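This report concerns only the one structure given below.
The values are calculated or read from the model by the stated rules, or taken from the named source; none is laboratory data. Quick caveat: nothing in here was measured; it's all calculated off a predicted structure. Here the Cβ positions follow ideal geometry from the backbone for every residue, glycine too, while neighbour counts run over all protein chains shown.
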Amino acid sequence: MMSLPAFSVARPVATSMIMAIALLLGAVGLSRLPVDLLPSIETPSLTISVDYENAAPETMEELVTRRVEQAVAATPGLEEMESTSVEGTADVTLRFGWDVDIDAAANDVRDRLFSELDELPENASRPRLRKFDTADLPLMGLGLASSIDPIELRRLIDNQLSYRLQQIPGVAAVDIWGEPEREIQINLDIDRVRSLNLSLTDIRDTLAAANRNLPAGSIEIGNQELVLRTPGRFSDLDDLRRAVVLVRDGTPITLGELATVRDTQQRADRLVRIGGERGVRMGVRKQSGANTVEVAERVTREVAELNREFPQVRITPFFNTADYINRSIANVSRALLYGSVLAFVVLLVFLGHLRAAAAVSVAIPVSLVATFALMYGFGYTINLMTLGGLALGVGLMVDSAIVVLENIQRRRMELGESDHVSAVAGSNEIVGPIVASTLTTLAIFIPMLFARELTGQLFRELAIVVALALACSLVVALTIMPMLTARFVGTRRAPQGATMRRLATTGAQVYDRVDTSYRRLLERALAAPRRVIAAAVVATLLALIGFTQLGTEFMPATDEGEVRVGLEMPPGTRLELMDDQARKAEAVVRRIVPEAVSVVTTVGSGGYRADAGAEADIRIELPSAGARARTSQQVAADLRAAIGNLAETEVRVRVRQPFFFRMLDVGSADESLEIEIRGYDFGVLQGLSKRIQQRIASVDGITDLRASREGTAPQRDVIIDRAAAADRGVTVEAIGQTVETAIAGTNAGYFLDDGDEVRVRVQLDNPRQVTPDQILDLPVPAGDDRRVRLGDVARIVQATGPIEIDRRNQQRLVSVNANIAGRDLGSVVEDVQATLDDIAIPANYDVQLVGEYEAQQAAFREIGVNVALALLLVYMVMACLYESLIDPLIVMVTVPLALIGVVATLILTDTTLNSQSLLGCLMLIGIVVNNAILIVDQANLLQHEGMSATDAVREAGRRRLRPILMTAATTIFALVPLAIGLGEGSESQAPLARAVVGGMTTATLITLIVIPVVYTGVHRAWPNRGGTPA
């Protein structure tokens, strides 16, 4: 049967057409590949939300959260359960294992919730279940400012602007924050209500009953059947004012006599400013699977069109994920291009032959473009992981082609074979080693296919893309390379151009010196093998010690050009006071950060929470990294020092959380370090929280230290005298609804205006100014259509209540959060853990480090398991190829030697040990053994021809020196642009590239000496200690 090299040499046209087909399909696939920041990952988590309007956090925990938790706790595959109970809302998050089918889990959870619906309060909403999807995050933020009437602005946004944006292909939804929604307010006069002894709930129910359209069946008149209707909805506000709410002594009393009716907005609980001007914030979310960059471009064009059509508003994008994606992809693409050029230059220097260098370099574009076709078939996108994988594989793509070319050229020069004969024979001779090299490299990626944790999900596409590219490069080396060598390269001749002659001469002279030095060094090593092995062992042990001293973090830090300033005031602070403090901070931002592209301020957290107005967030967008003099960290440090301490305000300044964490729901939303204190009693939890804050505040690197807002806020409790209420026929529900209607307001139906349904809210006039005594004077409905004064059955007392109740695995918790500056996460955690160990923790209470550190530990464990599996697989693959259990062990000696360069490079470049650099270590296992495979395979071949072990390995080293140096140099220089890490996006891949560059450098240099020494030792060819041959 004709081999692949023989076929390609004999059928050059067919080979060329096959290559053209691969390039054509790859080009088509590339044109259709979506562009995104990261691979599409569906995090195995579900969130259950239940609303119970105006219910206190403790009530939400007792009546809603616990019942939901108990209902779903036994769901198969559930690993962790978290919940948050705030006023009126409960959220329960379920986290499953990565091997769980989240759709099946969602159906299971939905069934369990349905069976427990009767256990929830009557007025609570139905549980809402949603999955977390990376595509569900906003891809663009829009700031809208206008001087028109707020009601008209909100109507314009709801009816036209958001509608137009949602019609854009690929847009899933548009979220709106800022100006409150329109509502019809019925503000009751408290004195008139009391004088008429009217119940607020009766007024509400009367209005709701009078504002309805009801069907009345049909009647027959003559030959016709007519539908009979009773249109009872209010047609305008005057109609609403004329509504009769009571008939007293035959005199109807209308709503207008008791209340003022206003067409206005809901009470403002959040303020938004865009560049210092009040406005509205909109978030655009894309559909799952849509091309992020294309959707963002469509939105940008539509925004420009809206600004032209509606000059009364100004819409400005204040963040655009596509901008960062484009810059990141461009930077990684440049690294790929520069790496390819450097690899070509290395080939040109070594080969001194332009045609030969060009022939070998063909493997890069052909393998790349063919990989794009396979990526399209696999349903992948162009993202940082897949493109980074291609950039990492550029140098590896030419390895097999280099070995094939070098062996063909050697046979021509040493054996005098013709072009065609040497092309076929040289390729066939080297098939075994290059297949073995490729398979060992591919073997390291197999464990990634079975990885279940977050790291495996994140890096799986990178591993598969590198594997696909290497497989394509192997096919190119065994088909296109022999054909080009026979028909295009020809016999090595003296270069014609002066530049090429100088380059060839210089390259030959340098290589001759290297070759001479290598032979001399190898002779010395073979003469003193024990010293060589001892030196290698000592160097490896020192590298292991250095490895344990490296700083650690989950993912490398990225500069995404955003800084955030968070402000918090004591719970219960009015929105206006919080806004004053936010304006002071904004003034500092404008002074300290003049290069800011946009500044968006949000004051208030929304809702009726006790701390709703006590928070503010200032979001500062910076120019791209290349267009500014300061990094985001430097801007944050300058702001932190300039803002200082605001009166009664806690200030936190931090850079934007890296995109890995945001998109994969890792850790705290804002801080790098998170400590959870778990138990039951809030008093004990708060005491432990304060002690922990005091103790860790002095740890070097800790900044922006704060506790979660699970503290207490001042409130007033309506204490019901149950005996008095029972005597007077007053129910607890009637009391609660009366107070709720008076202060918070309750819904009395909807007012229909030009197709828009506007909520009708019944409440007292100026409810925030109502005193406790006025509340106690309100009439409450009792039995037999009687009214009872609220103060006769209840009293109002001062109290405090929790702002928020967080739970994990059905246990209450309080968290302490902090940012880290100037140190790595691992070293800070080590100091914090030592401090925590000195704190006495009461029984049944627990303190744990979670968040980013927890994710880091899980990632390191997963990669550690993958490293162990990769070592076993590489050994097994080589054992199969060599049909030997000993020779693979010789080759595996190179793996620990690579650690020397990894540690040295990470220390010199001040790079931490993170998931990316560890992945580089994993990749090294399959890469560094390739050089040893060439030496061992050639030595075995020479031994079979009759040479001694020492002579065979000496000659193998000489023959394989050039291809080993060429493959190592192309891999290293191709990765240098990525290892430098210039620009957005590339810094996330730089640790991986640095680890590979460092490991390849030392492994190559040391392998050329150590592997021959180990080989002779295994074959019992070491000289005796006296210096005589064994």
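Observations on the structure shown:
- Selection count where residues are among the polar types (S, T, N, Q), touching a residue at least 24 places away in the same chain (Cβ under 8 Å) and surrounded by fewer than 20 Cβ atoms within 10 Å (Cβ to Cβ), scope region 840-870: 2
- Selected residue [closer than 30 Å to residue 38 by Cα and acidic (Asp, Glu)] from 568, 523, 562: 562
- Of the strands (runs of 3 or more DSSP E) lying entirely inside region 637-709, those carrying at least 1 residues that are more than 30 Å from residue 454 (Cα to Cα) and either at pLDDT below 90 or of a type in the set (A, V, I, L, M) (or both) are 650-655.
- Residue within region 110-126 that is part of a helix (DSSP H, G or I), in the same structural domain as residue 251 (by TED's automatic domain parsing), surrounded by 13 or more Cβ atoms within 10 Å (Cβ to Cβ) and touching a Pro at 6+ places or on another chain (Cβ under 9 Å) present: no
- Within region 347-399, helices (runs of 4 or more DSSP H) holding 3 or more residues that are buried (at least 21 other Cβ atoms within 10 Å of the Cβ) and under 38 Å from the mean Cα position of the chain (by Cα): 363-378, 384-397
- Filtering 183, 220 for residues that are without any contact (Cβ under 8 Å) to a residue 12 or more places away in the chain, touching a strand residue (DSSP E or B) at 6+ places or on another chain (Cβ under 9 Å) and assigned to a strand (DSSP E or B) leaves a single hit, 220.
- Total residues in region 771-828 satisfying the condition of being surrounded by fewer than 21 Cβ atoms within 10 Å (Cβ to Cβ), farther than 30 Å from residue 94 by Cα and in contact (Cβ under 8 Å) with a residue 40 or more places away in the chain: the figure is 21.
- Which numbered condition residue 742 misses (of (1) within 21 Å of residue 574 (Cβ to Cβ); (2) surrounded by fewer than 20 Cβ atoms within 10 Å (Cβ to Cβ)): (2)
- Residues being in a strand (DSSP E or B) and over 16 Å from residue 801 (Cβ atoms) - total across region 49-103: 15
- Flag for residue 1010 being over 13 Å from residue 391 (Cβ atoms) and over 34 Å from the mean Cα position of the chain (by Cα): yes
- Evaluation of residue 796 against (1) in contact with a Pro (Cβ under 9 Å, 6 or more places away or on another chain); (2) in a helix (DSSP H, G or I); (3) not polar (S, T, N, Q) (one fails), failing number: (2)
- Restricting region 78-96 to residues that are more than 21 Å from residue 850 (Cα to Cα) and not β-branched (Val, Ile, Thr) leaves a set whose member that is nearest to the chain's Cα centre (by Cα) is 90.
- Test: residue in region 371-381 that is touching a Leu at 6+ places or on another chain (Cβ under 8 Å), under 24 Å from residue 965 (Cβ atoms) and polar (S, T, N, Q): no
- Meets criteria (in contact with a Phe, Trp or Tyr (Cβ under 9 Å, 6 or more places away or on another chain) and either assigned by TED's automatic domain parsing to the domain that holds residue 112 or among the polar types (S, T, N, Q) (or both)) for residue 59: yes
- The set of residues from region 249-295 being small (Gly, Ala, Ser) and either free of Cβ contacts under 8 Å to residues at least 60 places away in the same chain or surrounded by fewer than 22 Cβ atoms within 10 Å (Cβ to Cβ) (or both) comprises 250, 256, 268, 275, 276, 283, 288, 289, 290.
Here is a yes/no grid of residues against (1) of a type in the set (Lys, Arg); (2) at pLDDT 85 or above:
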residue: 735; (1), (2): no, yes
residue: 759; (1), (2): yes, yes
residue: 768; (1), (2): yes, no
residue: 776; (1), (2): no, yes
residue: 789; (1), (2): yes, yes
residue: 794; (1), (2): no, yes
residue: 800; (1), (2): no, no
residue: 806; (1), (2): no, yes
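- Looking across 53, 79, one residue alone is without any contact (Cβ under 8 Å) to a residue 60 or more places away in the chain and of a type in the set (D, E, K, R). It is 79.
Quick grid of which residues meet (1) in contact with a Gly (Cβ under 7 Å, 6 or more places away or on another chain); (2) over 17 Å from residue 652 (Cα atoms):
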residue: 514; (1), (2): no, yes
residue: 553; (1), (2): yes, yes
residue: 556; (1), (2): no, yes
residue: 572; (1), (2): no, yes
residue: 577; (1), (2): no, yes
residue: 589; (1), (2): no, no
residue: 592; (1), (2): no, no
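- Residue under evaluation residue 621, criteria (1) more than 21 Å from the chain's Cα centre (by Cα); (2) closer than 23 Å to residue 325 by Cβ; (3) at pLDDT 85 or above, criterion not met: (1)
Residues checked against (1) touching a residue at least 12 places away in the same chain (Cβ under 8 Å); (2) closer than 30 Å to residue 864 by Cβ; (3) more than 38 Å from the chain's Cα centre (by Cα); (4) assigned to a helix (DSSP H, G or I):
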| site | (1), (2), (3), (4) |
| --- | --- |
| 934 | yes, yes, yes, yes |
| 939 | yes, no, yes, yes |
| 950 | yes, no, yes, yes |
| 955 | yes, no, yes, yes |
| 972 | yes, yes, no, yes |
| 976 | yes, yes, no, yes |
| 979 | yes, yes, no, yes |
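- Looking only at region 989-1003, and only at residues there that are surrounded by 24 or more Cβ atoms within 10 Å (Cβ to Cβ) and not hydrophobic (A, V, I, L, M, F, W, C), the one that is modelled with the lowest pLDDT: 989
- Residue within region 421-440 that is crowded, with 24+ Cβ neighbours inside 10 Å, over 18 Å from residue 357 (Cβ atoms), outside the structural domain of residue 873 (by TED's automatic domain parsing) and touching a strand residue (DSSP E or B) at 6+ places or on another chain (Cβ under 8 Å) present: no
- Close pairs (6 angstrom Cβ cut-off, 6 or more residues apart or separate chains): part of a strand (DSSP E or B) in region 144-156, surrounded by fewer than 16 Cβ atoms within 10 Å (Cβ to Cβ) and not aromatic (Phe, Trp, Tyr) anywhere: 145/277; 146/312
- Any hit, region 876-896, residues being of a type outside the set (Phe, Trp, Tyr) and under 31 Å from the mean Cα position of the chain (by Cα): no
- Residue in region 871-913 that is surrounded by the most Cβ atoms within 10 Å (Cβ to Cβ), counting only those that are in contact with a Gly (Cβ under 9 Å, 6 or more places away or on another chain) and part of a loop (DSSP other than H, G, I, E, B): 911
- Residue check, residue 170 touching a Ser or Thr at 6+ places or on another chain (Cβ under 8 Å) and either at pLDDT 80 or above or not polar (S, T, N, Q) (or both): no
- When the residues of region 561-581 are filtered to those that are part of a helix (DSSP H, G or I) and in contact (Cβ under 8 Å) with a residue 60 or more places away in the chain, the one that is nearest to residue 714 (Cα to Cα) is 575.
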